[in-house]
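The values are calculated or read from the model by the stated rules, or taken from the named source; none is laboratory data. Owing to the predicted nature of the structure, the values given are computational and were not obtained by experimental measurement. All Cβ positions, glycine included, derive from the backbone under ideal geometry; neighbour counts span all protein chains shown. Please note that ligands, DNA and RNA were not included when accessible areas were found on the heavy atoms of the full protein model with its side chains. Shrake-Rupley method; radii C 1.70, N 1.55, O 1.52, S 1.80 Å.
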Amino acid sequence: HLLQAEDKSDLRASYILRSDDVVKMSVYEEKDLDSVVTILKAGQATFPLIGSLAIGGLSLNEASEEIRKRYAADYIRYPKVTLTVTEYATEFVSVIGQVKEPGNGQVPIPQVGFLDVGSALATMGGISVTADPKNIHLVTEDGTTRVLTYASIQGDLGRLKMKVGDKLIVNENEFARATVEVIGDVKKPGRYPVDKTGQMSLVSALATAGGLGPEADVLKIDVIISGKTTSYSYKEIQTGEAGRVVVKGGP
């Protein structure tokens, strides 16, 4: 248990301060100097007597030492400075496109440790049925793009670390907007999306539309594929080879 406590202490001490972090500073036996300040975007924080000091990008230990030096130089003999983070700034990466739970597209980076590609994608529920599993882009903050596959993310590439400002873009597959139209005397006429193969069986298309309506002609159901019309009976579609006829999605 002692080792675990030491490990946590080391993590806190080595935490790198960043803009929007809120820090509390105190100096032993100098209550008037107690202060709680927010680190500005430029990395500056202002403390009593010593004024503005650049601590963004420093560890807690490094920042404490810089503050101690400032007080020791002009104000206090042998100051003992304690610096803690009372509120951590939250930084994000973006995961957008064809994911199951898109939300606002933002995934927070842990305060300690890191966020990898696999974890970021899992936070969004993984890829959706409209995604192209072979066309996922990792765009880093400097504009570099790397093309990943869903399979590779499940493997070694899923451990790629993401940094603030990075984007993971899950692109659509080519049939994402393709539909099959079912019209006439069916219970739910309309256009229905096909799956990532771009195809749907005839029996599935009819079932998706809720089946036949009460006035439907069970002996003549017209199927138009690439401009060619073929007629089937309802029985042929439900129990015969006709049900496995493939209709392709279109715009």
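Before moving on, here are some points about what is shown:
- Residue among D217, D156 that is closer than 28 Å to V112 by Cα, among the charged types (D, E, K, R) and out of contact with any strand residue (DSSP E or B) (no Cβ under 7 Å at 6 or more places or on another chain): D156
- Count - residues of segment 162-177 that are under 13 Å from G249 (Cα atoms) and either open to solvent by less than 60 Å² (accessible area, probe 1.4 Å) or part of a strand (DSSP E or B) (or both): 3
- Scanning segment 75-115 for residues that are of a type in the set (F, W, Y) and either surrounded by 15 or more Cβ atoms within 10 Å (Cβ to Cβ) or in contact (Cβ under 8 Å) with a residue 60 or more places away in the chain (or both) yields Y88, F92.
- Residues in segment 170-228 that are under 15 Å from R244 (Cβ atoms) and touching a Leu at 6+ places or on another chain (Cβ under 8 Å): L206, I221, V223.
- The single condition from (1) in a helix (DSSP H, G or I); (2) open to solvent by 70 Å² or more (accessible area, probe 1.4 Å); (3) of a type outside the set (S, T, N, Q) that G118 fails is (2).
- Of G213, G227, G240, G250, all but one fail to be open to solvent by less than 40 Å² (accessible area, probe 1.4 Å), more than 27 Å from E101 (Cβ to Cβ) and free of Cβ contacts under 8 Å to residues at least 12 places away in the same chain; the exception is G240.
- Check on L202, closer than 14 Å to E181 by Cβ and either open to solvent by less than 50 Å² (accessible area, probe 1.4 Å) or over 40 Å from the mean Cα position of the chain (by Cα) (or both): yes
- Criterion applied to V218, V246 was being closer than 29 Å to N173 by Cβ and β-branched (V, I, T), and the one residue passing it is V246.
- Filtered residues of segment 123-151 (kept if closer than 19 Å to N104 by Cβ and touching a helix residue (DSSP H, G or I) at 6+ places or on another chain (Cβ under 9 Å)): G126, I127, A131
- Residues (within 20 Å of S14 (Cα to Cα), polar (S, T, N, Q) and out of contact with any helix residue (DSSP H, G or I) (no Cβ under 7 Å at 6 or more places or on another chain)) located in segment 27-63: T38, Q44
- Among the candidates K69, K41, K100, residue that is under 22 Å from the mean Cα position of the chain (by Cα) and either of a type in the set (D, E, K, R) or modelled with pLDDT of 90 or more (or both): K100
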